[in-house]
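Novice: Input: one structure, supplied below.
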Amino acid sequence: MATAAIWPVLPSANSLPFVPALSPFVAIGSLLGTRAFHALTWLGLTVGIVTLARHRFFCRWICPVGLCVDGASRLGRRLGRQTIRAPLLGRWIVWLTLGGALLGYPFLLWLDPLAIFANVPFLARQSPKSGMWLPAIGFPAIVMLSIIWPRTWCERICPLGAIQDMLVRWRRTLHSIIGGKGETHKKSIVDPRIARRTVLGIAAGAVWAWVARPVIANTSSPLRPPGARDESQFCGVCTRCGNCLRVCPSGVIERDVGQNGWANLFTPVLRFENDYCREDCVRCTEVCPSGAIVRLSLKQKMGIQIGLPYVDMNMCLLGDDRECSVCKRWCPYDAIRYVFSETEYTLKPQIDPQKCTGCGACEAACPTKPQKAIVVLSRAMHI
């Protein structure tokens, strides 16, 4: 089911979010991180509820990564490879993420295997845009790891598997406490070592989120898709699944490949060199599985300001006493007019911030090369 949903030939755009949204790890992390119940949260929570009754049911019968890892592990065993006794990193990933989520920054959601798997079609896409395919390397890496050390990913690293184990353990503990089956039985289920590690992991995640959020908010200011959450929260909630990139009809959503710091790596950013964010499109807001991009109607989108244009009169044709009215003609919101500048003694584009949404139509249409005379910047860059 998940494989068919992301296959680049078969699916419709509406099937894309169902892949990472099936993960209870994503559902619980985004629910705690955003303090909101999103349209797709129920999918992951439903899987989590099923897990309470059928341990690892999702891993065995639905998860496409689990299917591929099983095959890779069998191949590894035939080649004489053995499973290694690695630490249970999956639990720590879950604890750290849930701890960060308590402060609105579940910063390891992108390690969810379904979010990684959702990037696989980018390996087959012939795209000139740099970095589009880079996160897709994660899935072949998981497969190779499973060949070299069979079952290591599923049993030791995968946070989706780990949170299913934890849900079952919590159910048994709660059942033991409510059932009152005796102190000895309770101790056998509530392992003090696990309890200490849980508290330590959650506390470490919360401390990291408390330190990281203000730093990220003050050091990065990329242009985000309409409906994106505040920058101090967006990088933590975003799963880097690539859904928004795939459904954008104008192709203006790209991956950040390090331009805005490592915290923003592979998150979606907007580039308006060749096209703009269409006024009749809200597709990216409909396919986000974690709520990093809030679902919007067309009417709500009109009230969102992505950024504001900045005009460099040293590059603008009007500043060189040449005729040009491209940016005004292409603006779909009639937010640009020309005024005469007494200081520069020339016509100058003036942006009406009350009308402008920062859609990038003016930047895409600007004829100056190689750099654009008018570019859309985030509001933080204008302060």
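Novice: All other residues with a Cβ under 10 Å from the Cβ of Ile163 taken together, and with Lys, Arg as +1 and Asp, Glu as -1, what is their net charge?
Specialist: Details: positive: Arg91; negative: Asp112, Asp165.
Local charge sum for Ile163: -1.
Novice: On each of the three principal axes of the Cα atoms of the chain, give max minus min coordinate, whole Å, ordered largest first.
Specialist: 87, 44, 31 Å, listed from the longest principal axis down.
Novice: Which far-off residues, 5 or more places away or on another chain, put their amide H under 5 Å from the one on Val376, with H placed in the peptide plane?
Specialist: Tyr310
Novice: If you put +1 on each Lys and Arg Cβ and -1 on each Asp and Glu Cβ, how big is the dipole of the chain around its Cα centre, in Debye rounded to 20?
Specialist: Working: 44 positive and 24 negative charges, 451 e Å.
In total the dipole reaches around 2160 debye.
Novice: For the chain, what is the calculated [θ] at 222 nm in deg cm²/dmol (nearest 500), taking -39500 (n - 2.57) for each run of four or more DSSP H residues and dividing by its residue count? Can you show the working numbers first?
Specialist: On the way: 20 runs with 176 residues, N = 383.
When only DSSP H runs of four or more count, the value is -13000 deg cm²/dmol.
Novice: Compute, for segment 277-383, the length of the dipole vector about the Cα centre, with Cβ point charges of +1 (Lys, Arg) and -1 (Asp, Glu) only. Units Debye, rounded to 20. Could you put the intermediate results ahead of the total?
Specialist: On the way: 14 positive and 12 negative charges, 94 e Å.
Dipole of segment 277-383, to the nearest 20 debye: 460 debye.
Novice: What net charge is computed for the residues neighbouring Gly201, neighbours being all others with C-beta under 13 Å from the C-beta of Gly201, Lys and Arg scored +1, Asp and Glu -1? Display every interim value, and only then the final one.
Specialist: Details: positive: Arg91, Arg193, Arg196, Arg197; negative: none.
Every neighbour counted, the sum reads +4.
Novice: Taking the alpha-carbon centroid of each part, what is the distance from segment 280-339 to segment 191-250 in angstrom?
Specialist: Rounded to whole Å, the Cα centres lie 27 Å apart.
Novice: For His38, His175, His55, what ranking results if the residue with the fewest other Cβ atoms within 10 Å of its Cβ goes first?
Specialist: Numbers: His38 21, His175 11, His55 15.
Ordered by Cβ neighbours within 10 Å, fewest first: His175, His55, His38.
Novice: What whole-number distance in Å separates the alpha-carbon centres of segment 82-114 and segment 341-383?
Specialist: Using only Cα atoms to place each centre, the spacing works out to 43 Å.
Novice: Among Ser297, Gly360, Gly104, whose Cα sits farthest toward the positive end of the charge dipole of the chain (+1 at Cβ of Lys/Arg, -1 at Cβ of Asp/Glu, about the Cα centre)?
Specialist: Gly104
Novice: Separate question: Test of understanding: ordering Tyr276, Tyr333 by Cβ neighbours within 10 Å, fewest first, what list do you get?
Specialist: Numbers: Tyr276 22, Tyr333 16.
Ranking Tyr276, Tyr333 by Cβ neighbours within 10 Å, fewest first, gives Tyr333, Tyr276.
Novice: While we're looking at this one, here's another question. Ranked by Cβ crowding within 10 angstrom, fewest neighbours first, how are Lys301, Lys328 ordered? Walk me through the numbers before you get to the answer.
Specialist: Values: Lys301 20, Lys328 16.
The most exposed by this proxy come first: Lys328, Lys301.
Novice: Compute the Cα gyration tensor for segment 49-134, then decide on rounded, prolate or oblate, letting a ≥ b ≥ c be the square roots of its eigenvalues: rounded whenever a/c is under 1.5, prolate when a/b is larger than b/c in the other cases, and oblate in all that remain. Write out the running numbers ahead of the final one.
Specialist: Working: a/c = 1.59, a/b = 1.00, b/c = 1.58.
Verdict is oblate for segment 49-134.
Every read-out reported here was derived from the displayed coordinates using simple, explicitly stated rules and does not represent laboratory data. Quantities reported herein were computed from a predicted structural model and do not represent experimental measurements. When we count neighbours, we look across all protein chains shown, and the Cβ atoms used for this are built from the backbone with ideal geometry, even at glycine.
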